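For reference, the structure is listed below as structure tokens.
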Amino acid sequence: EVQLVESGGGLVQAGGSLRLSCAASGFTFDDYAIAWFRQAPGKEREGVSCITSRASSTYYADSVKGRFTISSDNAKNTVYLQMNSLKPEDTAVYYCAAVGGFWRIPRGMTWRRLALYDYWGQGTQVTVSS
């Protein structure tokens, strides 16, 4: 059984920082992609960032590039999203998602495709006040 559990959300003022964690259990793939998505009320779920097992491959949405950093600690089976310079527009429920298998590793814009991911966490709320 694969489980993804997000944590680290909360309330922060604009300009502040949060670090989200996605802890994976039962995920034994050597080749993987783990992504962060977010969804605000009334809006579609959108890709925020992605990290893959291919070298140092990382991806970011234009809206967060330069402010957010994704990283992984394989020993802890955990992926992090460091969010700096937060804006009210970043307010959303943040989800982590994972997919495994060499042939499933995304390239280019495919990392933003929700259907790519087989496993999803329950989400953690991030609220940025103005």
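The values are calculated or read from the model by the stated rules, or taken from the named source; none is laboratory data. Owing to the predicted nature of the structure, the values given are computational and were not obtained by experimental measurement. Glycine also receives a Cβ, built like all others from the backbone with ideal geometry; neighbour counts cover every protein chain displayed. Protein only, heavy atoms only, side chains kept; ligands, DNA and RNA dropped before computing areas. Shrake-Rupley method; radii C 1.70, N 1.55, O 1.52, S 1.80 Å.
Things to note:
- Residues satisfying the stated conditions in segment 8-25, i.e. more than 15 Å from V79 (Cβ to Cβ) and assigned to a loop (DSSP other than H, G, I, E, B): A14, G15, G16, S17
- Take the conditions (1) under 23 Å from L18 (Cβ atoms); (2) in contact with a Gly (Cβ under 8 Å, 6 or more places away or on another chain); (3) open to solvent by 30 Å² or more (accessible area, probe 1.4 Å); (4) not hydroxyl-bearing (S, T, Y); D118 misses just one of them, which is (1).
- Among residues of segment 52-85, those that are assigned to a strand (DSSP E or B) and either open to solvent by less than 30 Å² (accessible area, probe 1.4 Å) or among the basic types (K, R) (or both), counted: 7
- Cβ-Cβ distances below 7 Å connect the following pairs, each with a first residue in segment 89-106 that is more than 29 Å from T127 (Cα to Cα), a second residue that is of a type in the set (D, E) and open to solvent by 10 Å² or more (accessible area, probe 1.4 Å), and a separation of six or more residues or different chains: G100/D31; G101/D31; F102/D31; I105/D31.
- Condition check for V48: part of a strand (DSSP E or B), among the aliphatic types (A, V, I, L, M) and open to solvent by 20 Å² or more (accessible area, probe 1.4 Å): no
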